[in-house]
Amino acid sequence: NLGHADTTILFHVSADRSNATAMSIPRDIVTSIPDCPTRQKDGTVTTIPGIPAGLTTPKFNESLGVGGRDPGCTMRAVTALTGLRVDHFMMVDFEAVKELSTAVGGVDVCLARPLVDPKSHLDLSAGPHRIEGEQALEFVRTRHALRNQSDLDRIKLQQRFLGAMIRKIKSSGTLTNPRKLFSLADTATKALTVDSAIG
């Protein structure tokens, strides 16, 4: 059973691999959800009807999980929303956030003020922290600890977390150490769901 498309990042890598651009898509943005052909367990293809904007004001996060929609449906929703063709997807679930943050040895964050969220059980004081596992998941999921308690604030927090994780991977020598790189890649391949072309 899939969750919703709560955190979606459109990621573009330049053809010459010199740079990349990432853009977050707010989960609560009202948009149409296109019809979506999905492959069933028995091999047949069933088209899940879309939801036009304006009738029931569908939110973007309904492009996954609702009515049996799969990641291909989210890819179609991104294309409908942005006009950009999406070539591949990677899906990260809650367990993957915990496993990947632990695999890199924790992610360093520095907070200007405390983050306390009874709903996600997050309780971090102001100042520097190295977070991993369950605490990393609480961190990227929190909304109620943020000033405006909005998804847009959570997007900013998630972007900072991902940036810190990338910096940690680059600074730890993981990319130039075959043993470390294999260990991280092994964790990632077990934690991520990807489309067949990437697979």
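Residue 186 meets all of the listed conditions (1) in contact with a strand residue (DSSP E or B) (Cβ under 8 Å, 6 or more places away or on another chain); (2) loosely packed, with under 12 Cβ neighbours inside 10 Å; (3) at pLDDT 85 or above but one, namely (1). Remark: pairs (first residue in the range 154-174, part of a helix (DSSP H, G or I); second residue of a type in the set (Phe, Trp, Tyr) and open to solvent by less than 20 Å² (accessible area, probe 1.4 Å); Cβ separation under 9 Å; 6+ apart in sequence or on different chains) = 157/139; 158/139; 161/139.
Inspect the range 15-34 for any residue being exposed (fewer than 13 other Cβ atoms within 10 Å of the Cβ), part of a strand (DSSP E or B) and in contact (Cβ under 8 Å) with a residue 60 or more places away in the chain and give the result as yes or no. Yes; the residues of the range 15-34 include at least one that is exposed (fewer than 13 other Cβ atoms within 10 Å of the Cβ), part of a strand (DSSP E or B) and in contact (Cβ under 8 Å) with a residue 60 or more places away in the chain. You will find that of 129, 144, the residue that is part of a loop (DSSP other than H, G, I, E, B) and surrounded by 13 or more Cβ atoms within 10 Å (Cβ to Cβ) is 144 and no other. Among the residues making up the range 132-141, those that are surrounded by 18 or more Cβ atoms within 10 Å (Cβ to Cβ) and assigned to a helix (DSSP H, G or I) are 135, 136, 137, 138, 139, 140, 141.
Can you pull out the residues in the range 147-174 that are open to solvent by 80 Å² or more (accessible area, probe 1.4 Å) and within 20 Å of residue 105 (Cβ to Cβ)? Matches in the range 147-174: 160, 166, 167, 170, 171.
When the residues of the range 124-152 are filtered to those that are at pLDDT 90 or above and charged (D, E, K, R), the one that is farthest from residue 6 (Cα to Cα) is 130. Quick one: in the range 56-80, which of the residues that are touching a Leu at 6+ places or on another chain (Cβ under 6 Å) and in a loop (DSSP other than H, G, I, E, B) is surrounded by the fewest Cβ atoms within 10 Å (Cβ to Cβ)? Among residues in the range 56-80 that are touching a Leu at 6+ places or on another chain (Cβ under 6 Å) and in a loop (DSSP other than H, G, I, E, B), the one surrounded by the fewest Cβ atoms within 10 Å (Cβ to Cβ) is 65.
Among the residues making up the range 81-123, those that are open to solvent by less than 60 Å² (accessible area, probe 1.4 Å) and part of a helix (DSSP H, G or I) are 82, 96, 97, 98, 100, 101, 103.
With respect to the conditions (1) free of Cβ contacts under 8 Å to residues at least 40 places away in the same chain; (2) of a type outside the set (Gly, Ala, Ser); (3) over 26 Å from residue 189 (Cβ atoms), residue 66 falls short on a single one, namely (1). Among residues of the range 71-123 being more than 30 Å from residue 182 (Cβ to Cβ) and among the acidic types (Asp, Glu), the one that is farthest from the chain's Cα centre (by Cα) is 123.
Within the range 180-199, residues that are under 15 Å from residue 105 (Cα atoms) and among the hydrophobic types (A, V, I, L, M, F, W, C) have Cβ atoms under 7 Å from residues that are modelled with pLDDT under 85 and open to solvent by 70 Å² or more (accessible area, probe 1.4 Å) in these pairs: 181/175, counting only partners at least 6 apart in sequence or on another chain. Residues in the range 76-118 that are of a type in the set (Asp, Glu) and under 16 Å from residue 184 (Cα atoms): 95, 99. Residues of the range 38-51 include none that is in contact (Cβ under 8 Å) with a residue 12 or more places away in the chain and closer than 27 Å to residue 171 by Cα.
The values are calculated or read from the model by the stated rules, or taken from the named source; none is laboratory data. On a predicted model such as this, the values are computed, not experimentally measured, just so you know. Every residue, glycine among them, receives a Cβ derived from its backbone with ideal geometry; neighbour counts consider all protein chains shown. Calculation scope for accessible area: heavy atoms of the full protein, side chains included, ligands and nucleic acids excluded. Shrake-Rupley method; radii C 1.70, N 1.55, O 1.52, S 1.80 Å.
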